[in-house]
Structures are given as structure tokens and as C-alpha cells.
Amino acid sequence: MDGLSSMNSIKKPLMLYRICFFFIIFLIGVFYWRCASQRDRGETSVSMSSPACASMGAPVGFNNEFGNPETVVIRGYNGHSMEPFITREGSFLFFNSMNDGDGACLYYARRIDDGTFELVGKVRFVNNRLPHLETVASMDMEGRFYFISTRKYKYNYSTLYCGHFLNGIVLDLDAQPGNFYKRARGWMVTEGEISADGGILYFANARFNGESVRESSDIAMARICNGDFNVTVDSSEIMKNVNTDGSLEYSPSISSDGLELIFTRFNRCTSMPEILLSKRKSLSEPFGPPSRIAAMTGFVEAPSMSGDKKTLYYHKKDKGLYSICKVSREI
């Protein structure tokens with residue numbers, strides 16, 4: 001009897017240990033499921049308890065001027081559509097196929113209405129031989145066409161190309177010169193949008209460290225002088241409320257009057273991008289503190305504002321497919 005009692009006394013704490021162990025495993029599983037579900041739904045309310053996240057400062061406010069989010073219809077096209085650019089007069093929508101670093105091509109479509117376009121085809125003389133990357137189109141009022149290409153990056157670190165767009169063809173195509181490139185391994189100009197008058201380039205300079213996600217990325221501005229784009233002396237001051245240490249800023253879009261800057265900010269603590277809008281009262285002032293456009297939810301990037309400032313285009317990732325969407329406002 002003493003032996004049996006002794007064995008029972010040993011089994012009891014073992015049972016308690018096992019119950020505690022499985023209960024802890026259950027709690028870990030519930031916590032992981034909730035975090036994974038939240039990330040899959042595209043929610044951005046993940047706790048930011050790490051020191052890096054805590055140093056990011058207070059969250060930005062919301063901009064409620066825009067509403068009525070809609071998916072843009074491009075008749076004759078059914079693939080991935082990314083990085084839209086709407087021409088200032090609204091006649092054409094430029095976009096690229098899946099930006100996977102291997103075979104992205106630039107297309108354009110003719111406007112039927114704000115939410116419907118008819119595919120014309122690929123932009124001629126722009127798309128290079130495979131593998132290639134031609135993305136992020138932009139054009140000024142005079143038809144000067146700009147886009148990003150990695151075709152000669154390993155030789156000269158140049159990624160911004162330009163030419164003159166005429167009836168679907170880009171003529172006199174060449175790399176855009178200037179001092180806005182870092183020209184160092186790992187650094188790349190990843191996006192750029194030209195102002196309506198063609199005088200100022202708003203661009204993102206990013207650094208990569210062997211990963212698909214940028215290590216750093218900031219927005220800057222360069223002014224044209226004798227055909228070169230050179231970074232303005234007040235670029236850092238103008239963008240002081242736009243760029244941050246804790247997040248990545250890229251894909252700038254400038255309004256036709258130069259008073260509103262719309263851009264993407266990637267929050268590395270939530271692994272989600274957001275589209276923000278920053279305003280100023282004059283061209284000599286810095287852009288003010290940005291606010292997130294509340295009508296854009298989920299995985300959204302790459303804004304482009306119409307010339308009348310009433311419609312804002314962007315791309316959204318939903319169930320693995322990138323599509324161009326839009327929101328609108330009254331002016």
C-alpha cells in the first residue's frame with residue numbers, strides 16, 4: 001500500500017505539469033491564430049510594442065475628403081495592373097503588369113469615363129527584351145514621358161528613362177541624367193513623377209540589402225537645369241514632414257498645382273502600406289503633416305491624382321491579384 005500511495009503521489013504532479021504544458025501550448029496557438037488572421041485580413045491594428053515601433057511616434061490622422069472606392073475596369077485587359085498614372089488632361093491611363101522584377105511591361109488605355117478605360121496596348125519602344133522591368137510611368141503636359149527601368153542599372157545605376165510620347169510610341173528614348181541617383185551598390189531610384197510643367201521631379205531613392213523589401217526609402221525632389229535633374233537645396237526641408245526614420249516612403253504623386261503630395265508609406269511594424277496626403281499653401285513651403293486617406297483600405301500603394309484633383313487612382317492587392325482602383329472627392 002505504501003508503494004501504491006507513493007506512485008499515486010508521483011503521478012499527481014506529473015498530471016498537473018502535463019495539463020499546464022498543454023494549456024500553455026493552447027494559448028500560444030490561439031495567439032498565433034489571431035495574429036495570422038488579422039494579417040491575412042489586411043488589418044493594421046497589430047500591437048506595436050517593440051522599441052523600433054514605439055519610436056515611430058504618434059499615428060497619423062485620417063483624411064475623409066475621398067470616398068466611393070471602386071475597381072477600375074480596363075476593357076481588353078485581365079491581368080495584374082499596377083502603378084497607375086493618369087495623364088493630366090485625363091485622356092490616358094498608363095500602368096504596368098506584375099512588378100515581380102522579371103518581366104513587367106508598360107501598357108496604356110484610353111479613357112471612357114473615370115472608372116472605365118479601353119486597352120490600347122503596350123507602350124511601343126519602351127519595353128525591353130526579357131528579363132526586363134519597365135514600370136511607373138509619368139508624363140508632363142508637353143508629352144515628355146518618364147518611366148523606371150533596370151535595363152542598365154548594373155552598368156551606371158541609372159533607372160529613370162525619358163522620351164517623347166506620341167501616338168503610343170516613345171521617341172528619343174534615353175536615360176535621364178542628373179545628380180539624383182546615389183550611384184552606389186544597393187541604391188536605386190524606384191519611382192518618380194514629373195510635375196505638370198515638367199520642371200520638378202518627385203522621386204523615391206531606396207536602398208536594398210538583398211531582400212525584396214527596401215531597407216530604407218525616402219522621397220525627394222529635383223529641378224531640371226540644362227536637361228539634368230539636380231536635387232534641390234531645400235528638398236530635405238520641403239519633405240521634412242513626409243519622410244520618417246521608422247517607415248518607408250515611396251511612390252510620390254504631385255497634384256497639378258504642386259500643393260498636394262500623395263504617397264505610399266510602408267509601416268514595417270504592421271507590414272502594410274498606406275496612402276497618405278500632405279498639403280501646403282504655397283510652392284515655397286514644406287508639405288505639412290500627412291494624413292491617411294481613410295477610404296483606401298487593405299494593401300494599397302502607388303497613387304496618381306487626376307489633373308482636376310477630383311479622382312485618385314491607386315493599385316490594391318486582393319486575394320493575390322493587383323488591380324487599379326479609384327476614390328473621388330468634390331472640389
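The values are calculated or read from the model by the stated rules, or taken from the named source; none is laboratory data. Values in this document were obtained by computation on a predicted structure and should not be read as measured data. Glycine gets a Cβ as well: all are built from the backbone with ideal geometry, and neighbour counts include every protein chain shown.
Here's a check for you: in region 313-323, which residue that is more than 14 Å from the chain's Cα centre (by Cα) and in a strand (DSSP E or B) is nearest to H80 (Cα to Cα)?
Step one: of region 313-323, the residues more than 14 Å from the chain's Cα centre (by Cα) are 318-321.
Then keep just the ones that are in a strand (DSSP E or B); that gives 318, 321.
Numbers: D318: 11, L321: 6 Å.
Selected residue: L321.
Within region 154-179, residues that are within 17 Å of E134 (Cβ to Cβ) sit with their Cβ atoms under 6 Å from residues that are surrounded by fewer than 20 Cβ atoms within 10 Å (Cβ to Cβ) and aliphatic (A, V, I, L, M), at 6+ positions apart or across chains, in these pairs: S158/A175; Y161/A175; G163/L171; G163/L173; H164/L171.
The set of residues in region 153-180 that are exposed (fewer than 14 other Cβ atoms within 10 Å of the Cβ) and among the aliphatic types (A, V, I, L, M) comprises L166, L171. Scanning region 215-254 for residues being part of a strand (DSSP E or B) and surrounded by 15 or more Cβ atoms within 10 Å (Cβ to Cβ) gives a total of 19. Annotation: K309 fulfils all but one of (1) in contact with a Ser or Thr (Cβ under 8 Å, 6 or more places away or on another chain); (2) of a type in the set (D, E, K, R); (3) in a strand (DSSP E or B); the unmet one is (3). Scanning region 139-152 for residues that are more than 18 Å from S195 (Cα to Cα) and surrounded by fewer than 15 Cβ atoms within 10 Å (Cβ to Cβ) yields a count of 1. Does any residue of region 196-211 turn out to be hydroxyl-bearing (S, T, Y), within 18 Å of the chain's Cα centre (by Cα) and closer than 16 Å to M139 by Cα? Among the residues of region 196-211, at least one is hydroxyl-bearing (S, T, Y), within 18 Å of the chain's Cα centre (by Cα) and closer than 16 Å to M139 by Cα, which makes the answer yes. Of the residues making up region 125-164, those that are assigned to a strand (DSSP E or B) and under 20 Å from S306 (Cα atoms) are T135, V136, A137, S138, M139, R144, F145, Y146, F147. Within the bounds of region 198-214, is there any residue that is in contact with a helix residue (DSSP H, G or I) (Cβ under 6 Å, 6 or more places away or on another chain) and part of a loop (DSSP other than H, G, I, E, B)? Checked against the condition, which is being in contact with a helix residue (DSSP H, G or I) (Cβ under 6 Å, 6 or more places away or on another chain) and part of a loop (DSSP other than H, G, I, E, B), region 198-214 yields no hits at all. Taken over region 255-290, the residue count meeting the criterion of being surrounded by 19 or more Cβ atoms within 10 Å (Cβ to Cβ), in contact with a strand residue (DSSP E or B) (Cβ under 7 Å, 6 or more places away or on another chain) and in a loop (DSSP other than H, G, I, E, B) is 3. Is there a residue in region 186-203 that is among the polar types (S, T, N, Q) and surrounded by fewer than 16 Cβ atoms within 10 Å (Cβ to Cβ)? No, that holds for no residue.
Restricting to region 223-254, count the residues that are of a type in the set (A, V, I, L, M) and either at pLDDT below 95 or over 18 Å from Y181 (Cβ atoms) (or both).
Looking only at that region, the number is 4.
Tell me whether region 302-316 contains one or more residues that are assigned by TED's automatic domain parsing to the domain that holds G61, closer than 26 Å to R183 by Cβ and modelled with pLDDT of 95 or more. Yes, region 302-316 contains at least one residue that is assigned by TED's automatic domain parsing to the domain that holds G61, closer than 26 Å to R183 by Cβ and modelled with pLDDT of 95 or more. Looking only at region 82-102, residues that are within 19 Å of the chain's Cα centre (by Cα) and in a strand (DSSP E or B) come to 9 in all. The lone criterion from (1) surrounded by fewer than 19 Cβ atoms within 10 Å (Cβ to Cβ); (2) basic (K, R); (3) over 13 Å from the mean Cα position of the chain (by Cα) left unmet by K326 is number (1).
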